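Peer 1: I have a structure I would like to understand better, so I am pasting it below and will then ask my questions one at a time.
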Amino acid sequence: MHFHKYEKIWLSFGIVSLIVFLSVVGVSAFSQNHTPSGGMDTIDPEKVNETAPFDNPGVTQLDEDTYQVAIVALAFGYNAPDLRVPAGKEIIFKVTSTDVVHSFTIDNTKVNMMVVPGRVTTKSYTFDEPGKYLILCNEYCGTGHHMMSAEIEVY
Amino acid sequence: MIAQPERKIALWHLGVAYTAFLIGTLMGVLQVFIRNDALQLPAWLDYYQILTAHGVLLALIYTTFFIFAFFITGMSKSLGSFGPKVRLFSWIGLWVTLLGTVMATVMIVAGEASVLYTFYAPLKANGFYYVGLALVIVGTWISSFALVGHYMVWRRNNKGQLSPLFAFMTVTTIILWIIACLGVVATVLFQYIPWAFGWTDTINVELSRSLFWYFGHPLVYFWLLPAYIAWYTIVPKLLGVKVFSDSLARLAFVLFILFSIPVGFHHQLTEPGISNFWKFLQVVLTFMVIVPSLMTAFSMFATFEISGRQKGGTGLFGWFKKLPWRDVRFTSIFIAMAFFIPGGAGGIINASFQLNEVVHNTLWIVGHFHITVGTPVAMTFMGLTFWLIPYLTGRRFTKRMQRLGFVQIITWSIGMLLMSTAQHVLGLMGAPRRTAYSGYNDHPSAMEWFDGIISNHVTMAIGGTILFLSAMILMYIVIMTMFVSPKAETPEQMVEFPLAESDMSHTPKWLENWWIWIGIAAALIIIAYAIPLTHMIQHAPPGSKGFITW
Amino acid sequence: MDKKQSDHDVNLKGTLVSVFFVGIVIVAMWVAVYLMYLAR
């Protein structure tokens, strides 16, 4: 098998680029905790409203610098009353669904979480800028999918 | 010319493919107008029904039937006429796939299956939608085994020889397809069908998603590899040169068997139930499958340069002007390749672990697959259609049709450029995919998305309209070359199957030892999937009952 | 495996420049989205 000299140069460049990409995202993900949303917690999708923390959805202050926001997604809206969180503090979002698959996506942030029934999706995020952020569902969930939205206020 | 029975089988495939194409593109243009709020659908028709039909008919049905038409013709051309059994099973495969297609389409039209082509549980469609999809897969398997059988006869009769490049690549694609389908067959057969017919009450949602994406990503390589076959084996002939490197072409294809399957988690990077370790492992494997495409890029440019220099092109880029730009069979495929540069680059971004959070399920993804499957693959198929149909019907590809061909590919390019650029930009701004018209109660952020010069509904609608016109021109060419154009009478009028010569004298024999590649592929699949899937089954939450939310 | 063919008999300078153009598109797009990721 014969590789032209230039093909060797090209493939070396390509492979090195790919390794650099992987290293950048890998190091940032695992050493600085920038992993995408996820989590291994499970929940009974029919008992969501009786299971903590979703029995009391909304914002809870965990300690000085950490807040937890529990949200129940359902066709076609979010059960998440009074979403107001401070800027500059770590916000831990926990989302689950009582029916089909949804997403919990906050516009212009890294919060873009798939919400799967039977599972709890977790994402930690710190808002820099105060303001009112649009929350929307970007996974098809039925006729009202494009109406499924909410708002979170950062103060 | 290949034998009459194979021509008939291939033409039937093309007939089904372009019927699906016609309906599918019509559904596409309806969508851009609904999103533009310029069109109100009648009560019995829903945006998501149209979206489901668009996805299923174009991404699954048009591609699959076209691919088998191309394979059947090419296998008969490069390995000789089919035996009676191969013909019989090719017909059975066609009819089973068609039956499944009709069944699934009827369910979509009836409003029983507005679940999109990804049919994520626990959205519950009518059971016959899943049966239809299963039959589509089974039908393609029958057609696949017919072609593999034909190949095995050739191998028996030509012991110790490497098969022609076209046949090698076809077999590679089929192996990839059969391994990939195992995932979707498992979930449809053992999860969706029993659940949809009420034999089981609940479904393990995360498992069904993972099995779907085990299939879903190699599916895109099932679309892409036939286009690559054309790039490697047809394009050099159009340029008057040999295949740049037979052994590297085969090596690239073998790498696709190895690395295109254990990568499905990169579609599930933002969801729960899969730990970061397994997600990242599959991200790494996804990056491996980029390498054969980098090799392909080099081979293509090298083919162009060698050909252009033979025709007298000098200097660094003199060869570029010497390419046969007036040959629509070439220009179409060249444009297809050009679109794949940003298309492939976008794919690398999508798979880059947390970067996926920026683009996941936004319109960027829609833009992405319109400049991967929607143009590089589809326009390569268009470029093949121009000669494949007249080759099979024995009709002429007249000057007028050639000119129309240019109009068609240029309009497609312009339409796609407008629409996909708008979609990419909108997606980066945060606009979601798979939505009917919505301003999110006129939320300022949502208003802002559609305010840009490129990022607005109008650009997308103009693009979509141009694309639809282009599709109709293609339909005209298809119908003309299939039924109307004058028969070729002189040898010059005959349309050829442009299959390039490939110098196999330096190609190592072990490249065609399939069991090595299937074995390594199986090992990689087990490494990437065994533990996370087992975990999903053993630590499953209570399952979900079905929901019909449309 | 193949020593007969020499690199000097085919001039592929244009190819080298062309593939590096592809490479630059890939790197530029990736870096752009990475910067967007960091900004969010």
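Peer 1: Which condition number in (1) modelled with pLDDT of 95 or more; (2) within 12 Å of chain B (Cβ to nearest Cβ) is the one that A:VAL154 fails?
Peer 2: (2)
Peer 1: Still on this model: Given the criteria part of a helix (DSSP H, G or I), hydrophobic (A, V, I, L, M, F, W, C) and surrounded by fewer than 20 Cβ atoms within 10 Å (Cβ to Cβ), does B:VAL131 qualify?
Peer 2: Answer is no for this residue.
Peer 1: Something else now. Could you list, in sequence order, the residues of segment B:191-219 that are more than 22 Å from B:VAL263 (Cα to Cα) and part of a helix (DSSP H, G or I)?
Peer 2: B:TYR192, B:ILE193, B:PRO194, B:TRP195, B:ALA196
Peer 1: Something else now. Just name the residue that is nearest to A:LEU22 (Cα to Cα) out of those in segment C:9-25 that are open to solvent by 20 Å² or more (accessible area, probe 1.4 Å) and within 7 Å of chain B (Cβ to nearest Cβ).
Peer 2: C:VAL25
Peer 1: Going through segment B:259-277 one residue at a time, which ones are open to solvent by 10 Å² or more (accessible area, probe 1.4 Å) and farther than 19 Å from A:SER28 by Cα?
Peer 2: B:PHE259, B:HIS267
Peer 1: Here is a further query. In segment B:326-339, what residues are touching a residue at least 40 places away in the same chain (Cβ under 8 Å) and within 11 Å of chain C (Cβ to nearest Cβ)?
Peer 2: Residue satisfying the conditions is B:MET337 alone.
Peer 1: If we scan segment A:125-148, do we find a residue that is under 16 Å from B:ALA446 (Cβ atoms), open to solvent by less than 20 Å² (accessible area, probe 1.4 Å), hydrophobic (A, V, I, L, M, F, W, C) and in a loop (DSSP other than H, G, I, E, B)?
Peer 2: yes
Peer 1: Counting residues that are more than 8 Å from chain B (Cβ to nearest Cβ), among the β-branched types (Val, Ile, Thr) and open to solvent by less than 10 Å² (accessible area, probe 1.4 Å), which strands (runs of 3 or more DSSP E) fully inside segment A:1-117 reach at least 2?
Peer 2: A:66-74, A:90-97
Peer 1: Among the residues of segment B:461-499, how many are in contact (Cβ under 8 Å) with a residue 40 or more places away in the chain and in a loop (DSSP other than H, G, I, E, B)?
Peer 2: So the count comes out to 10.
Peer 1: Then there is this: Tally the residues that are surrounded by fewer than 22 Cβ atoms within 10 Å (Cβ to Cβ) and touching a strand residue (DSSP E or B) at 6+ places or on another chain (Cβ under 9 Å), restricting the search to segment B:197-240.
Peer 2: Going through segment B:197-240 one residue at a time, the tally reaches 1.
Peer 1: Which numbered condition in (1) part of a loop (DSSP other than H, G, I, E, B); (2) of a type outside the set (A, V, I, L, M, F, W, C); (3) without any contact (Cβ under 8 Å) to a residue 40 or more places away in the chain is the only one that B:GLY343 fails?
Peer 2: (1)
Peer 1: Considering only segment B:226-237, I want to know if a residue exists there that is farther than 16 Å from B:PRO376 by Cβ, touching a Pro at 6+ places or on another chain (Cβ under 6 Å) and more than 14 Å from chain A (Cβ to nearest Cβ).
Peer 2: Checked segment B:226-237: at least one residue is farther than 16 Å from B:PRO376 by Cβ, touching a Pro at 6+ places or on another chain (Cβ under 6 Å) and more than 14 Å from chain A (Cβ to nearest Cβ).
Peer 1: When only residues in segment B:244-253 that are buried (at least 22 other Cβ atoms within 10 Å of the Cβ) and among the aliphatic types (A, V, I, L, M) count, which is nearest to B:LEU384 (Cα to Cα)?
Peer 2: This residue is B:ALA249.
Peer 1: Return the residue satisfying two criteria in turn: it lies in segment B:424-446 and is open to solvent by 10 Å² or more (accessible area, probe 1.4 Å) and either of a type in the set (Phe, Trp, Tyr) or part of a helix (DSSP H, G or I) (or both), and of such residues it is farthest from B:GLY464 (Cα to Cα).
Peer 2: That would be B:PRO444.
Peer 1: Quick one: which helices (runs of 4 or more DSSP H) sit completely within segment B:246-325 and have at least 1 residues that are within 8 Å of chain A (Cβ to nearest Cβ) and under 20 Å from the mean Cα position of the chain (by Cα)?
Peer 2: B:276-288, B:291-310
Peer 1: Assuming B:HIS267 fulfils every condition listed in (1) closer than 26 Å to B:GLY346 by Cβ; (2) in contact with an Asp or Glu (Cβ under 9 Å, 6 or more places away or on another chain) apart from one, which condition is it?
Peer 2: (2)
The values are calculated or read from the model by the stated rules, or taken from the named source; none is laboratory data. Since the structure is predicted, the reported quantities are computational estimates derived from the model, not experimental observations. When we count neighbours, we look across all protein chains shown, and the Cβ atoms used for this are built from the backbone with ideal geometry, even at glycine. Side chains are part of the model used for accessible areas, which takes the heavy atoms of the whole protein and leaves out ligands, DNA and RNA. Shrake-Rupley method; radii C 1.70, N 1.55, O 1.52, S 1.80 Å.
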